[in-house]
Amino acid sequence: MAHLIPSFPSSLTTVISLLFPLVLLALATFALLWLSKLVTIYLWNSYQSRHLPCVHQFLDFFSPLGILFPRLLRYRSNFYEIAPSLFERLQTPLFAFVSSRGLSVHIKDAHLIREVSITRRRAFPKAVRLYNRLRIFGDNIVTTEGAVWRRHRQVVRSAFTESNNRLVFDTAKRSLARMPGYYQ
C-alpha cells in the first residue's frame, strides 16, 4: 500500500528537473509568439507598401536578432550608406524599406520631398516617436504635430528669417574654414 501514495520531491535537484521542461516550454512559447508578431508586422508593412518600389528585409540591422546574427541580413551596413546604390538599382526617386521593425519611405527628389513635407504634410505625418530624446526639456517644434506644432512654429517663426539663416550659414562656413588650422 505504501507504494500507491505519491512521493513528493525531497531534494532541490528533483524540483529543478521537474521545472526545467516547464521553463523550456514557456521560453519556446514566448519565442514563437514573438516570431509570429514579427511576421505579422512584416506582412502588414509589406501590404501597406504594395504600391511603391520596395526593398524587403525581414530583420533590420537594429533588431536584436540582426545584431546577434548579422549574416542573416541582406543589407548589413548603415542603411544610409547603401541607399544611393538602391536608388540607382531601382531607378526610382523613392522606395520603401520594409522590415519587421517598421516601414520607411526614402526619397531623393527635392521636389518630391517638398511635396511630402510641406504641401501634403497632413497626408504624411511626422514620426514624432523618433524624436523622443529631444523632449528632455518638454515639447518643441521637432517633437510635436498638429495644433501644438503650429503654436511652436508661430513662436519661432521670426528667428528663421532668410537674413538670420544667411548669417548662421556664413558664420558656420567661416568657423569650419578655420578648423583645420586650429587642429594643426
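The values are calculated or read from the model by the stated rules, or taken from the named source; none is laboratory data. Just so it is clear, the structure is predicted and the values come from calculations on it, not from any experiment. Cβ sites come from the backbone with ideal geometry, for glycine too, and all protein chains shown count toward neighbours.
A quick yes/no check of all residues on (1) acidic (D, E); (2) farther than 29 Å from K37 by Cβ:
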| site | (1), (2) |
| --- | --- |
| I67 | no, no |
| F87 | no, yes |
| D109 | yes, yes |
| F137 | no, yes |
| W149 | no, yes |
| E162 | yes, yes |
| V168 | no, yes |
| K173 | no, yes |
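All but one of (1) more than 30 Å from L33 (Cβ to Cβ); (2) modelled with pLDDT under 85; (3) not charged (D, E, K, R) hold for L59; state the number of the condition that does not hold.
Condition not satisfied by L59: (1).
Pairs under 9 Å by beta carbon, first residue closer than 22 Å to R89 by Cα in region 41-69, partner among the basic types (K, R) and surrounded by 15 or more Cβ atoms within 10 Å (Cβ to Cβ), six or more apart or different chains?
N45/R101; L59/R101; D60/R101
Looking at S158 and the list (1) surrounded by 10 or more Cβ atoms within 10 Å (Cβ to Cβ); (2) in a helix (DSSP H, G or I), which single condition is not satisfied?
(1)
Can you tell me how many residues within region 81-124 are of a type in the set (A, V, I, L, M, F, W, C) and exposed (fewer than 11 other Cβ atoms within 10 Å of the Cβ)? So that I can check it myself, show each step before the final result.
Narrowing region 81-124 to residues of a type in the set (A, V, I, L, M, F, W, C): 82-83, 86-87, 90, 94-98, 103, 105, 107, 110, 112-113, 116, 118, 123-124.
Filter once more, so that each one left must be exposed (fewer than 11 other Cβ atoms within 10 Å of the Cβ): 110, 118, 123.
Count: 3.
I82 versus (1) assigned to a loop (DSSP other than H, G, I, E, B); (2) farther than 21 Å from L43 by Cα; (3) among the hydrophobic types (A, V, I, L, M, F, W, C): which is the lone unmet condition?
All conditions are met except number (1).
Taking region 121-141 only, how many residues are part of a loop (DSSP other than H, G, I, E, B), over 17 Å from the mean Cα position of the chain (by Cα) and either within 22 Å of G102 (Cα to Cα) or aromatic (F, W, Y) (or both)? Write out each step before concluding.
If we filter region 121-141 for residues that are part of a loop (DSSP other than H, G, I, E, B), which is where we start, we get 121-127, 138-141.
From what is left, the residues that are over 17 Å from the mean Cα position of the chain (by Cα) are 121-123, 138-141.
Subsequent filtering for residues that are either within 22 Å of G102 (Cα to Cα) or aromatic (F, W, Y) (or both) retains 121-123.
Selection size over region 121-141: 3.
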